[in-house]
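Q: Encoded as structure tokens, here's the structure I'll be asking about.
The values are calculated or read from the model by the stated rules, or taken from the named source; none is laboratory data. None of the values given here were measured: they were computed from a predicted structure. Cβ sites come from the backbone with ideal geometry, for glycine too, and all protein chains shown count toward neighbours.
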Amino acid sequence: MKTLFKQMTICGVGLIGGSLAMVAREKKLVERIVGLGRTQPNLDVAMERGMLDAATREPAEAARGADLVMLAVPIRTMPETLAAMLPYLPDDAVVTDVGSVKGWVVRELEPMLRPGMALVAVHPVAGKETTGAAAATRDLFVERRVIVTPSARSTPEALAKVEELWRATGARVERMEPGVHDQILARASHLPQLVASALAAALAGERVAGRPVVEFGAGGLRDTTRIAASSAEMWRDICLTNREAILAAMRLFGREFAEFERLVEAGDADGLVALFERGRAMRERLK
């Protein structure tokens, strides 16, 4: 495959950034990959696993020569991270990200760019509850959606190159308006995280007759709360930057949960079956 960028600097070499780095190196999509991180041990893991050509904790060092900057840090730290790098970036650098919220990212980052720079906001809808460079895998994005949300500072050339980079991972790339993305993902991704975390928090110290209830949960409880193990820092930022869409999703869930409560209280067997069947039918479509 052809080389797309001379230097890709990944800010935050974790599950997403590290997995992309592995594919980019393997397929020679970039000439050089530099990792910028906060903690030396994680950067050391990334270097040991062969993801990077160089690793640093200094934004200026990471920025020099980077014609592609990938922000894979918690969403609310993206402006600060980019600001620290901007004075040292090439005038034609492309800035991209992997955040789960797109409207906020576009609004915050576009005004920061110099005239010759481009922004291509991206959300790879892939992940695990584990984090860090140690969790990265070459096949993380295979047959997974990668959503690109073009905006005013997305040039045709930058869009084409960033999309080609992601297609090389085996992902299914599609475009979407940032606001539409945020409404959809609030329901399909952000709400499930909140439900799982709320359930886990509700049962954390719950005891009945002195027995901790979580010890009796078996597979159902483990499966339902699996994503509650995800990064609290990451999900804090998602909640704070996609508040309105998430609140709408929470109200949607609240109405359905309240209906369950009403049916249980009323002893409505037929109503309960109908509601369970509606949920089962949706789950069947995910297979």
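Q: Can you spot a residue in the range 118-141 that is in a helix (DSSP H, G or I), assigned by TED's automatic domain parsing to the domain that holds Val30 and within 16 Å of the chain's Cα centre (by Cα)?
A: Yes, that holds for at least one residue.
Q: Scanning the range 114-154 for residues that are of a type in the set (Gly, Ala, Ser) and modelled with pLDDT under 95, which turns out surrounded by the fewest Cβ atoms within 10 Å (Cβ to Cβ)?
A: Looking at the filtered set, the residue picked out is Ala134.
Q: Okay, moving on. Could you say which residue among Thr39, Thr56, Thr3 is over 21 Å from the mean Cα position of the chain (by Cα), among the β-branched types (Val, Ile, Thr) and surrounded by fewer than 16 Cβ atoms within 10 Å (Cβ to Cβ)?
A: The conditions single out Thr3.
Q: Quick check, is Ala245 outside the structural domain of Thr9 (by TED's automatic domain parsing), surrounded by fewer than 19 Cβ atoms within 10 Å (Cβ to Cβ), at pLDDT 95 or above and small (Gly, Ala, Ser)?
A: no
Q: Output the number of residues of the range 6-28 satisfying the condition of being over 17 Å from Glu48 (Cα atoms) and surrounded by fewer than 22 Cβ atoms within 10 Å (Cβ to Cβ).
A: Counting residues in the range 6-28 that are over 17 Å from Glu48 (Cα atoms) and surrounded by fewer than 22 Cβ atoms within 10 Å (Cβ to Cβ) gives 4.
Q: Identify, by number, the condition in (1) surrounded by 13 or more Cβ atoms within 10 Å (Cβ to Cβ); (2) farther than 30 Å from Arg38 by Cβ that Thr225 doesn't meet.
A: (2)
Q: So for the range 79-86 (the condition being of a type in the set (Ser, Thr, Tyr) and free of Cβ contacts under 8 Å to residues at least 40 places away in the same chain), does at least one residue qualify?
A: no
Q: When the range 57-69 is examined, which residues are found to be in contact (Cβ under 8 Å) with a residue 40 or more places away in the chain and over 19 Å from Gln40 (Cα atoms)?
A: Gly65, Ala66, Asp67, Leu68, Val69
Q: Here's a follow-up. Does Ile184 count as assigned to a strand (DSSP E or B), within 30 Å of Leu119 (Cα to Cα) and either aromatic (Phe, Trp, Tyr) or at pLDDT 95 or above (or both)?
A: Judged against the criteria, Ile184 is not a match.
Q: Next question. Does the range 25-54 hold any residues that are more than 19 Å from Val73 (Cα to Cα) and among the aliphatic types (A, V, I, L, M), and which are they?
A: Residues satisfying the conditions are Leu29, Val30.
Q: Does Leu203 meet the test of being under 30 Å from Leu159 (Cβ atoms) and outside the structural domain of Arg76 (by TED's automatic domain parsing)?
A: no
Q: Moving to a separate point now. If a residue has to be without any contact (Cβ under 8 Å) to a residue 40 or more places away in the chain and either among the hydroxyl-bearing types (Ser, Thr, Tyr) or more than 23 Å from Gly99 (Cβ to Cβ) (or both) to count, how many in the range 231-283 make the cut?
A: Here the count works out to 31.
Q: For the range 59-77, which positions are surrounded by 15 or more Cβ atoms within 10 Å (Cβ to Cβ) and part of a helix (DSSP H, G or I)?
A: Correct list: Pro59, Glu61, Ala62, Ala63, Ile75, Arg76, Thr77.
Q: Kindly provide the set of residues from the range 222-241 that are touching a Lys or Arg at 6+ places or on another chain (Cβ under 9 Å) and outside any helix (DSSP H, G or I), ordered by number.
A: Matches in the range 222-241: Ser230 only.
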